[in-house]
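The structure appears right after this line, and notes come after that.
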Amino acid sequence: MVCAAINKAQEMRPYVGPIMLDVHGFDWELGKQRDGVLWDVSHCLGHIVGQLRKLGKGVVLLHDGSAEKNHTEAHDRREQQVYQVVQSLVDWLMREKFQFVALDAVVRPGSRQTSK
């Protein structure tokens, strides 16, 4: 609902979007049981890499909770694990010759269509 309202708003027309994700990182599951296994950095990274290999490209959703108030020890541990996932993912992407591109190279500003 919110996304639809924003996308229809005239004042938002000059901006790029909407941008959606292709791969859920499931980083919020770090340290929890997921599908019968403890979801750790290697499981999270393996999931993302598997999806990117299948798709050949994509936008990966990961979360940064550093702005949250009242950090707990578990929260800080999870944030450190997300950081490890990102470091390993960037290393893998570079080894595999993936390219990092700015949004305006993918989506034309003021349009809803991707560039070819």
| What about Lys69, is it loosely packed, with under 11 Cβ neighbours inside 10 Å and either outside any loop (DSSP other than H, G, I, E, B) or modelled with pLDDT of 85 or more (or both)? | no
| task | Six or more apart or on different chains, Cβ under 8 Å: which pairs go from a residue in region 27-49 that's in a helix (DSSP H, G or I) to one that's among the hydroxyl-bearing types (Ser, Thr, Tyr) and modelled with pLDDT of 90 or more? Could you list them? | result | Val41/Ser88; Leu45/Ser88
| Given (1) modelled with pLDDT under 85; (2) touching a Leu at 6+ places or on another chain (Cβ under 7 Å); (3) surrounded by 14 or more Cβ atoms within 10 Å (Cβ to Cβ), number of the condition Asp27 does not satisfy | (1)
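The values are calculated or read from the model by the stated rules, or taken from the named source; none is laboratory data. All figures in this text were calculated on a predicted structure; none of them were measured in a lab. Neighbour counts run over all protein chains shown; Cβ positions are idealised from the backbone, glycine included.
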